[in-house]
Each structure stands twice: as C-alpha cells, then as structure tokens.
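**Student:** Take a look at this one; I'll ask things after.
The values are calculated or read from the model by the stated rules, or taken from the named source; none is laboratory data. Bear in mind that the values here come from a model prediction, so they are computed numbers and not experimental data. When we count neighbours, we look across all protein chains shown, and the Cβ atoms used for this are built from the backbone with ideal geometry, even at glycine. In case anyone asks, the SASA skips ligands and DNA or RNA and just uses the protein heavy atoms, side chains included. Shrake-Rupley method; radii C 1.70, N 1.55, O 1.52, S 1.80 Å.
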Amino acid sequence: MAIGTILLDRGLIDRAQLEAALAEQKVSGERVDQVLLRMGLIRAGDALRAVGEQFDMPIVDLATIDVDPGVLSAIPPQVVFRQQCVPIERRGSGPASVLRVATSNPFELTVFDELRLLTGCAVELALADDDDLRAFIRKHYGVGGDTLDTLSRGLPGTAEPAADDADDEQKASEASVIRLVNELLYEAVAARATDVHIEPYENRLIVRYRIDGVLQKASLPPTIHQFAAAIISRIKIMANLNIAEKRKPQDGRITLRHKGDVFDLRVSVIPMLFGEGVVLRILNKTAVLMGLDQLGMPPGVLRIWDGLISKPHGILLVTGPTGSGKSTTLYASLNRIVSEEVKAITVEDPVEYHVAGVNQIQVNHKVGLDFAAGLRAILRHDPDVIMIGEIRDRETAEAAVQASLTGHLVFSTLHTNDACGAMPRLLDMGVEPYLVASSIEGVMAQRLVRRICPDCRQPHTPEPREIPDDFPVGPDATFLKGAGCKTCSGTGYRGRIGIYELLAVSDHTRDLVMKRANAGQMASQGLARGELTLLKHDGYAKAAAGQTTIAEVLRVAKT
C-alpha cells in the first residue's frame, strides 16, 4: 500500500491534501511523505510510521540505543556516509550471521544487496528517523568523517598536511578541505553554539562548541589532526587574514549563510605551542530581537528598569562577564524606547544586531574610530539616546558622563562582577566622584543560566546538602531537573534565561559614592534600604519555579 494511502486511511490527511502533494511530487520528484512534511501537513513521526507500515519494517530509536564498537566497524565509514545507513546489531557468527542495519530510506533496496556482498552477512533492515540517523552518524563516525576519509585515502582533495605557506594556500583551497570546514561550521550552527574552539595539541586537534554557555567536545575522527594546518588556513582565507603570518595574533570576520540565515563569525587566531589556535564567535545576524519581557526579568526588576530607561538623561550600565547577555538586554531596552520622536545612535564593537530605527556605528580602530572618538562625534548628531558598546577606559567613561550631564540618556556595559562594583570601578578609572554620583541612574548585573529541557524535565527533590543555607524554600517551590534526551543532547538543559541584579541609584547611594565607599558597603546599604536585588536571589526564585536548577545558579552566581 502506498504511503499516501496509508496516511489517508489513518485520517492524518484528507483527499485534497493528498492530491496537492501528488501534484507537487510531479514537479519536485520527492517522495509523497517528504512533500507532505515540507508542506507542514503531517508530522515526522507519522511519516516514519507510514513508511514502516508500507515496508513492514520495525522502527528503532537510535537516540536511546547503545551499539558495540565492533558492530559499528562492520560497515566501512565511507559506505555509512554515502548510503546513510548504520549497523546496530549483529547476531550469530560466520556465514550464518545476521547484521541489523538502520536506515531512513528503505526505497533504495539495491544498497542493501551491496551491504550483503560487502559484509558477508544476511542484512536485516530497521527504520529510523532521518534526523536521529544523521545525529547517530555524527556521534559515532564524526563530523566530516566522510570528507576526512577521502582526504586520508589520498583521493582528489589533499593527501598530506601542509608543508609550507604555498602548500597551505593550495590545500586550503581544495574542495575537500572547503567542505570539511563548512561542515564544522554548519554543525556548530545546528547545535546552537555561540563559539567554536579549534585547539591544536602535539598529536591531536580538538574542536569544542560552546552551547548554552558550556563547552562540549565535538565528535570528530582522530585523523583530523593530520589536516589541522589546512583547516586553519582555510579559516584564515575565509576571514581575509594573512595565512603566511603564524607568529602574531590575527583577528578577522566571516559572513556565513546557512538555510536562509546569515551569521557573522568573529575570528581570532593565536599562535600556540603546537600550531595556531582559533576561536570563532557566532552571531546570528537574522535573529529576532527579544523584548524586555522575554528576557526573564522578575516583575519588580522589570518595572524599575522600565522606569529607568524612560528617564530623559543619565547613565544606565549593564555589567557582567563576556557572554552574559549584556548586549541583548541593551538592544531590548533600546527597542522598547525608540520611536519617531526619539533618536538613538550607538557605537559598537562589533555591531551585533541591526535595530530598526537606530543609527548604528561600527568601531574601526585602524582609522582611530574608537568608543571615545565615536561618542564625541555622535554628540553633534543631536541624539536623545546613546549606546556605547563598552566603557573600557577613563576617556570613554568621562565622555559618557559628559554626554549624560548635557541631557542625553546613555546606555553602556562594564565588566564588573556585580552591580555595586560598577561605581567603584569608574572611580578607579579616574572619574571624579561627583561626576559618577551625578550621572549614574542605575546598574544592572546579569548572568545566563541554562533552562531545564522542556522535553525531559521531571520532578526532583534536592538533597539537603544541595540547598544553600540562604535559599528560602517556600511551600510553593517546584523543583525540576532534566533527565536527558535527544532534544538536549543528554545534558538536561536547553536554552538559557537571565538572572538579574538591579541597583537603582538613590541619594543615599550617591552619598556613598562621594565618600568612595567600596562595593561591599554599597551592597549592604542597598539591601538594607530595599534598593538592591541580588543575582543569586533571582536565581533561587527561578530554581524554585522549576525554570533552572540550584546547581546551575551556583555555577554562575557563587557570591
């Protein structure tokens, strides 16, 4: 029975939908179930079950099974990649042995005749989800494994690691190396990575992806270290860097297009002991900007921050380490207040996202356009709101203060551990206390914690030793944890949410600044007067609400 008929009999589609899919099939040449999936008329699981019924074939869940390494080696990697099928079980021995093979496309039956001849076993087929099959191959055979296999066997592409600069450029331009680097980058994008780390060691090359703030090692064949020089040279070519320069650090940028999205990759290359290390920061240029109410701010904090960003002048700072979501908060804040009556100009390094209605300037150190110079220039463009990517030095800090005192609302970021450390940091830069006290209106400190995976979350009762002494466990606390599933790659977490610490500057805080009080004194006074919320307290509230875990909060907010 045909797939379309099976889906029709099960009531998953109607006659009109089937006829529309058949008409589209004549144009595209795809299978009917693939057309229906692309049209959004059926789910992947329904299509899989229909194919299984058509071929009377059992369905296996590759995400939940463990396969013996000896079984995996029954089929050569190049065949696995070419035919998109994997061995998952072997029964018996000798000529009577049976090899169970999982595939997502049982329509090409001649493939399995080839497998019988290749393995000398009887082949028994099982059906698997296409995405699960690809993930299984990446996990057990490595990202780009087929390309590396081609390279290792000396087929057209490249055969040996690059020997000199001329060879570097030649090898990096070969189709096989281009394909390998693209596969590494596309895999990072598919895994939602924010950074790619390529690290050379004496006898190996390690690639790691930072996903939801945590580094995870990529599955790669061990032979990849033989082509480290070609891989790094290819990245240099993509980033318009000097591939012959291997003694000094270099920075560049790559624009990557994948499945309709545009990604900006910031590239940093640094000489290491056993080669050049590369880190690529991935920014999705087509990502939809989040609203302030989507960031996870507690209602009380959001209400106060809303009031602060509506002020006509002053400085608002967002603090935290790299990758803590500071830029996202600033963009969301700008998006909230920009209108036809409000002119906003930013000076950034780099411009991470494009905001409609905002004039954005890219820092260019080569021509002397740094934050301070950009800020002085944009003041002549009559802005109402100014955003400075980061206050790094006294010159930029004093320019920001002067801008705020002349009637502008200034947003910026600062690298401090907490909200109360921002003003002492400005004083340490050399800004006069009276200028800091009169210009700062509020400081937000933030971190990102991983969300519990929605697909595998389950109730959890923490051990008493897991609960910090200052954790207020109320009667309504709902602790959850992620068991680990294919959606979250077994981590129990998927996505991130912010935790926030807000200091709304009052006259009392300004007096402390004038006295050069330290961060600890400001924090104790702010807590006593109800002017300060702490990072860990917001984290505890989110853990008690089942959004994250206590361990995750303590990982990013230990103080």
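**Student:** What part of the accessible area of the range 78-144, given as a whole %, is carbon or sulfur when the probe is 1.4 angstrom? Mind dumping the intermediate values first?
**Tutor:** Numbers: 1540 of 3100 Å².
Ligands and nucleic acids excluded, carbon and sulfur give 50 percent.
**Student:** Find the cysteines in the chain that fail to meet the 4.7 Å Cβ criterion with every other cysteine, and list them.
**Tutor:** Isolated Cys, the chain: 85, 121, 420.
**Student:** For the range 183-194, in order, what is each residue's ³J(HN,Hα) by Karplus, 6.51 cos²θ - 1.76 cosθ + 1.60 with θ = phi - 60°, in whole Hz (x at glycine and Pro)?
**Tutor:** 5, 4, 6, 5, 5, 4, 5, 5, 7, 6, 6, 9
**Student:** So for the range 203-296, averaging the separation of alpha carbon pairs under 8 Å that are six or more residues apart and normalising by length, what relative contact order in percent results? Kindly include the intermediate steps, with their values, before the conclusion.
**Tutor:** Working: 113 pairs, mean separation 15.3, N = 94.
Computed value for the range 203-296: 16 percent relative contact order.
**Student:** Between the range 222-292 and the range 73-144, how far is it from one alpha carbon centroid to the other, in angstrom?
**Tutor:** Rounded to whole Å, the Cα centres lie 34 Å apart.
**Student:** Could you provide, to the nearest whole Å², the per residue accessible area of the chain with probe 1.4 Å? Before the final figure, lay out each step's value.
**Tutor:** Numbers: 26640 Å² over 559 residues.
With all protein chains present, the chain gives 48 Å² per residue.
**Student:** Right, here's the next one. Can you order the peptides 344-350, 389-395 by their average number of other Cβ atoms within 10 Å per residue, highest first? Display every interim value, and only then the final one.
**Tutor:** Working: 344-350: 20.9, 389-395: 18.9.
The peptides rank, most packed first, as 344-350, 389-395.
**Student:** Using only alpha carbons, build the gyration tensor for the range 446-490 and give me the equivalent ellipsoid semi-axes, biggest first, whole Å. Walk me through the numbers on the way to the answer.
**Tutor:** Details: eigenvalues 103, 37, 20 Å².
For the range 446-490, the semi-axes come out at 23, 14, 10 Å.
**Student:** Further question: Which peptide among 65-72, 302-309 comes first, and what is the full order, when sorted by highest mean count of other Cβ atoms within 10 Å? Write down the numbers at each step before the final one.
**Tutor:** Details: 65-72: 11.6, 302-309: 16.5.
Highest-to-lowest ranking by the protection proxy: 302-309, 65-72.
**Student:** Take every Cα pair under 8 Å in the chain that's 6+ residues apart, average their separations, divide by the length, and report that relative contact order as a whole percent.
**Tutor:** On the way: 989 pairs, mean separation 47.7, N = 559.
Computed value for the chain: 9 percent relative contact order.
**Student:** Leaving out same-chain residues fewer than 8 places away, which lysines sit with a Cα under 18 Å from that of residue 236?
**Tutor:** Result set, ordered by chain and number: 171, 246, 248.
**Student:** Nearest 20 debye, what's the magnitude of the dipole of the range 174-270 about its Cα centre given +1 on Lys and Arg Cβ and -1 on Asp and Glu Cβ?
**Tutor:** Working: 15 positive and 11 negative charges, 25 e Å.
Charge dipole, the range 174-270, about its Cα centre: 120 debye, nearest 20.
**Student:** Another question about this same structure. Would you mind getting me the FRET efficiency between residue 130 and residue 402? Use the beta-carbon distance for r and R0 = 45 Å, nearest 0.05. Walk me through the intermediate numbers first.
**Tutor:** Working: r = 59 Å, r/R0 = 1.32.
So the FRET efficiency works out to roughly 0.15.
**Student:** Right, here's the next one. Any chance you could run the full-extension gain for residue 362 through residue 257? It's 0.36 nm times the residue separation minus the Cα-Cα distance, nm to one decimal.
**Tutor:** On the way: separation 105, 0.36 × 105 = 37.80 nm, distance 2.12 nm.
Separation in residues times 0.36 nm, less the Cα-Cα distance, equals 35.7 nm.
**Student:** For the chain, build the charge dipole from Cβ charges (+1 Lys, Arg; -1 Asp, Glu) around the Cα centre, then report which of 120, 397, 517 sits farthest towards its positive end.
**Tutor:** 517
**Student:** Based on the alpha-carbon gyration tensor of the range 265-323 and its eigenvalue square roots a ≥ b ≥ c, which shape applies: rounded if a/c is under 1.5, prolate if not and a/b is larger than b/c, or oblate? Kindly include the intermediate steps, with their values, before the conclusion.
**Tutor:** Details: a/c = 3.22, a/b = 2.48, b/c = 1.30.
Because a/c hits 1.5 or more and a/b exceeds b/c, the range 265-323 counts as prolate.
**Student:** Size of the dipole of the range 388-451 about the Cα centre, Lys and Arg at +1 and Asp and Glu at -1 on the beta carbon, nothing else charged, in debye to 20? Walk me through the intermediate numbers first.
**Tutor:** Details: 6 positive and 8 negative charges, 94 e Å.
Dipole of the range 388-451, to the nearest 20 debye: 460 debye.
**Student:** Where the centroid of each part is defined by its Cα atoms, how far is the range 504-559 from the range 431-470 in Å?
**Tutor:** Going from one Cα centre to the other spans 8 Å.
**Student:** Which Cα, out of 429, 440, 417, lies furthest along the positive dipole direction of the range 414-459 (beta carbon charges, K/R +1, D/E -1)?
**Tutor:** Final value for the positive-end residue is 417.
**Student:** Another one. Provide the gained length on full extension for the span residue 217 to residue 529, in nm with one decimal, where the gain is 0.36 nm per separating residue minus the Cα-Cα distance. Show your work: numbers first, answer last.
**Tutor:** Details: separation 312, 0.36 × 312 = 112.32 nm, distance 4.63 nm.
So the extension gain works out to 107.7 nm.
**Student:** Name the shape class, rounded, prolate or oblate, that the alpha-carbon gyration tensor gives for the range 350-422, where a ≥ b ≥ c are the square roots of its eigenvalues, rounded holds for a/c under 1.5, and otherwise prolate holds if a/b is larger than b/c and oblate otherwise. If you can, show how the numbers build up before the last one.
**Tutor:** Values: a/c = 1.32, a/b = 1.21, b/c = 1.09.
Rounded is the answer for the range 350-422, as its axis ratio a/c remains below 1.5.
**Student:** Compute for the range 1-147: radius of gyration divided by Kirkwood radius, i.e. Rg/Rh, restricted to C-alpha atoms, rounded to two decimals. Let's see the in-between values first.
**Tutor:** Details: Rg = 16.7 Å, Rh = 16.4 Å.
Result for the range 1-147 is an Rg/Rh of 1.01.
**Student:** Which one, 553, 289, 4, is farthest towards the positive end of the dipole of the chain when Lys and Arg carry +1 and Asp and Glu -1 on their Cβ?
**Tutor:** Ranked along the dipole, the leading option is 553.
**Student:** Report the far tail of the P(r) of the range 1-50, meaning the percent of Cα-Cα pairs longer than 15 Å.
**Tutor:** On the way: 383 of 1225 pairs.
For the range 1-50, the fraction of Cα-Cα distances above 15 Å is 31 percent.
**Student:** What is the magnitude of the charge dipole of the chain about its Cα centre, with +1 placed on the Cβ of each Lys and Arg, -1 on the Cβ of each Asp and Glu, and no other charges, expressed in debye to the nearest 20? Write down the numbers at each step before the final one.
**Tutor:** On the way: 62 positive and 71 negative charges, 119 e Å.
Approximately 560 debye in magnitude.
**Student:** Could you order 186, 353, 540 by accessible surface area, starting with the largest, using a probe radius of 1.4 Å?
**Tutor:** 186, 353, 540
**Student:** In addition: Under 20 °C and 1.002 mPa s, how fast does the chain diffuse according to Stokes-Einstein, given a Kirkwood radius computed over C-alpha pairs? Answer in µm²/s, whole number. Please report the intermediate quantities before stating the final value.
**Tutor:** Details: Rh = 27.4 Å.
Answer from the Stokes-Einstein relation: 78 µm²/s.
**Student:** For residue 65 and residue 434, what does the FRET efficiency come to when R0 = 51 Å and r is the distance between their Cβ atoms, rounded to the nearest 0.05? Walk me through the numbers before you get to the answer.
**Tutor:** Values: r = 68 Å, r/R0 = 1.34.
For R0 = 51 Å, the calculated efficiency reads 0.15.
**Student:** Please give the contour-minus-distance gain from residue 105 to residue 117: 0.36 nm per residue of separation, less the Cα-Cα distance, rounded to one decimal in nm. Please report the intermediate quantities before stating the final value.
**Tutor:** Details: separation 12, 0.36 × 12 = 4.32 nm, distance 1.94 nm.
Residue separation times 0.36 nm, minus the Cα-Cα distance, leaves 2.4 nm.
**Student:** Got a sec? Which residues in the range 337-354 would a label at residue 322 touch, if it sits 7 Å along Cα→Cβ and we count backbone N under 19 Å?
**Tutor:** Taking a point 7 Å out along Cα→Cβ of residue 322, the residues of the range 337-354 whose backbone N falls under 19 Å are 348-353.
**Student:** Mind ranking 405-411, 246-252 by how tightly packed they are, going by the mean number of other C-beta atoms within 10 angstrom, highest first? If you can, show how the numbers build up before the last one.
**Tutor:** Numbers: 405-411: 18.6, 246-252: 13.1.
Descending packing order for the listed peptides: 405-411, 246-252.
**Student:** Additional query: I want to make sure I understand the PRE zone here: with the label point 7 angstrom from the Cα of residue 279 toward its beta carbon, which residues in the range 175-206 have backbone N atoms less than 19 Å away?
**Tutor:** Output list for this probe position: 185, 188-189, 192-201, 205-206.
**Student:** Let me ask you something else. Rounded to the nearest 0.05, what FRET efficiency do residue 28 and residue 186 give with R0 = 35 Å and r taken as the Cβ-Cβ distance? Could you check?
**Tutor:** Plugging the Cβ-Cβ distance into 1/(1 + (r/R0)^6) gives 0.90.
**Student:** Working only with C-alpha atoms, what are the Rg and Dmax values of the range 417-559, expressed in angstrom?
**Tutor:** When restricted to the Cα atoms of the range 417-559, Rg and Dmax are 18.3, 56 Å.
**Student:** Karplus couplings for the range 236-247 from phi (6.51 cos²θ - 1.76 cosθ + 1.60, θ = phi - 60°), rounded to Hz, Gly and Pro as x?
**Tutor:** 4, 4, 4, 8, 6, 9, 7, 6, 7, 8, 10, 9
**Student:** Where both partners of a DSSP beta bridge lie in the chain, what percent of those bridges are antiparallel, to the nearest 5?
**Tutor:** Values: 56 of 87 bridges.
Around 65 percent antiparallel, to the nearest 5.
**Student:** Using modelled backbone amide H atoms (1.01 Å from N, in-plane), which distant-in-sequence or interchain residues come within less than 5 Å of residue 496's amide H?
**Tutor:** Under 5 Å from the amide H of residue 496: 451.
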